[in-house]
Amino acid sequence: MTTIASTCGTLLSQLRRESPLVHCITNYVAMNFAANTLLAAGASPAMVHAAEEAGEFARLAGAVTINIGTLSPHWLEGMLAAAQAATESGKPWILDPVAHFATAFRRKAVEALLAQQPTVIRGNASEIMALAGDASSGRGVDSGDSVERAETSAMRLAQRTRAVVAVTGEVDFVTDGKHSLRVAGGSAWMPKVTAMGCALTCLIGGFVAVAPTSPLIATASALACFGVAGSHAAQQASGPGSFAWQFIDALAALDGNALQAQAQVTPA
């Protein structure tokens, strides 16, 4: 546990030092908050989604993150171009399959994106269970299942796709199909603030950009960083509105030593 926490702190310090360029294709409601989250952590966000440039830009970035929350045909073209370019150039990329089970358009989109071999897949329990082919209780973007119930699905999905799979919730679960970790922390206000999960996906991109050969530890480190910042913000917040800006401030104030001391990452 101490070794994992130490690595979390080291990676945050490295992220702040290197300020990697993270190419984010995310949804309309998340762009501002996600960009501010990356800036607060020390990364450099770029919200580039046009099909005409997404593939070219992805080759310049340290990592690419793709969120299908507000999907459209033209945006999907950009997503596929960016994912293909990332895979071809050996850049890590992260898939956030928001409500992929809700419509045929989303299901086909995620199938095409999975074919481009994401490095990390992050979703709520219902999204991960459905992506693994299991019955879930999801409704739109909301999860109706517990993280614990999704753990077996996550491991099978990781083994099938060779991606790290992160199931986020009250206590997160992250696995590469062989090794698994649990990450605690955060706040009950988080589900009440839109774009928190989307911003987390982008933050994972930042951490994986500085540790591309260790995506499991990088993902767990991003989850731990997010959780510690959320715990700090909750101490000052009086509701979801104040929590949102307190979170950005708490993340900006967090350093590697504090993350090492407070990260709650344990083997699963």
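The values are calculated or read from the model by the stated rules, or taken from the named source; none is laboratory data. This is a predicted model, so every value here is computed, not measured. Positions of Cβ are generated from backbone atoms using ideal geometry, with glycine treated the same way; all protein chains shown enter the neighbour counts.
Residues in region 73-111 that are part of a helix (DSSP H, G or I) and not hydrophobic (A, V, I, L, M, F, W, C): 11 in all. The numbered conditions (1) touching a residue at least 24 places away in the same chain (Cβ under 8 Å); (2) surrounded by fewer than 19 Cβ atoms within 10 Å (Cβ to Cβ); (3) of a type outside the set (A, V, I, L, M, F, W, C) are all true for GLU111 except (1).
Look at (1) touching a residue at least 60 places away in the same chain (Cβ under 8 Å); (2) closer than 16 Å to PHE207 by Cβ; (3) assigned to a helix (DSSP H, G or I) and you find that ASN36 fails only one, number (2). Select from region 158-195 the residues that are part of a helix (DSSP H, G or I), surrounded by fewer than 24 Cβ atoms within 10 Å (Cβ to Cβ) and not β-branched (Val, Ile, Thr) and list them in ascending order. Passing the criteria: GLN159, ARG160, MET190, PRO191, LYS192.
Each row is one residue, and each column tells you yes or no for (1) modelled with pLDDT of 95 or more; (2) over 19 Å from VAL64 (Cβ atoms); (3) hydroxyl-bearing (Ser, Thr, Tyr).
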position	(1), (2), (3)
VAL171	yes, yes, no
THR194	no, yes, yes
LEU200	yes, no, no
GLY205	yes, no, no
ALA211	yes, no, no
LEU216	yes, no, no
ALA229	yes, yes, no
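Applying a threshold of 8 Å to beta carbon distances and a minimum spacing of six or more residues, or different chains, the list of pairs starting in region 51-78 at a residue that is under 18 Å from VAL210 (Cα atoms) and at pLDDT 95 or above and ending at one that is of a type in the set (Ser, Thr, Tyr) and exposed (fewer than 15 other Cβ atoms within 10 Å of the Cβ) reads ALA58/SER89; ARG59/SER89. Taking the criterion of being among the polar types (S, T, N, Q) and touching a residue at least 60 places away in the same chain (Cβ under 8 Å), the residues of region 222-261 that qualify are ASN257, GLN260. Of all residues in region 53-72, none are surrounded by fewer than 22 Cβ atoms within 10 Å (Cβ to Cβ) and part of a strand (DSSP E or B). All of (1) of a type outside the set (Lys, Arg); (2) assigned to a helix (DSSP H, G or I); (3) within 23 Å of ALA112 (Cα to Cα) hold for VAL22 with one exception: (2).
Inspection of region 220-243 identifies no residue that is under 22 Å from GLU151 (Cβ atoms), among the hydroxyl-bearing types (Ser, Thr, Tyr), buried (at least 23 other Cβ atoms within 10 Å of the Cβ) and in contact with an Asp or Glu (Cβ under 9 Å, 6 or more places away or on another chain). Quick one: PRO212 ticks every box in (1) surrounded by fewer than 24 Cβ atoms within 10 Å (Cβ to Cβ); (2) farther than 21 Å from SER19 by Cβ except a single one, so which number is it? Among (1) surrounded by fewer than 24 Cβ atoms within 10 Å (Cβ to Cβ); (2) farther than 21 Å from SER19 by Cβ, PRO212 violates only (2). Every test in (1) more than 25 Å from MET190 (Cβ to Cβ); (2) among the aromatic types (Phe, Trp, Tyr); (3) surrounded by 16 or more Cβ atoms within 10 Å (Cβ to Cβ) is passed by TRP93 save one, and that test is (1). Taking each residue of region 172-185 that is closer than 16 Å to THR161 by Cα and looking for partners that are among the aromatic types (Phe, Trp, Tyr) and outside any loop (DSSP other than H, G, I, E, B) with beta-carbon atoms closer than 7 Å, six or more apart or interchain, yields SER180/PHE173. Does region 168-196 hold any residues that are out of contact with any strand residue (DSSP E or B) (no Cβ under 8 Å at 6 or more places or on another chain) and among the hydroxyl-bearing types (Ser, Thr, Tyr), and which are they? Once the filter is applied, which keeps residues that are out of contact with any strand residue (DSSP E or B) (no Cβ under 8 Å at 6 or more places or on another chain) and among the hydroxyl-bearing types (Ser, Thr, Tyr), region 168-196 yields SER187, THR194.
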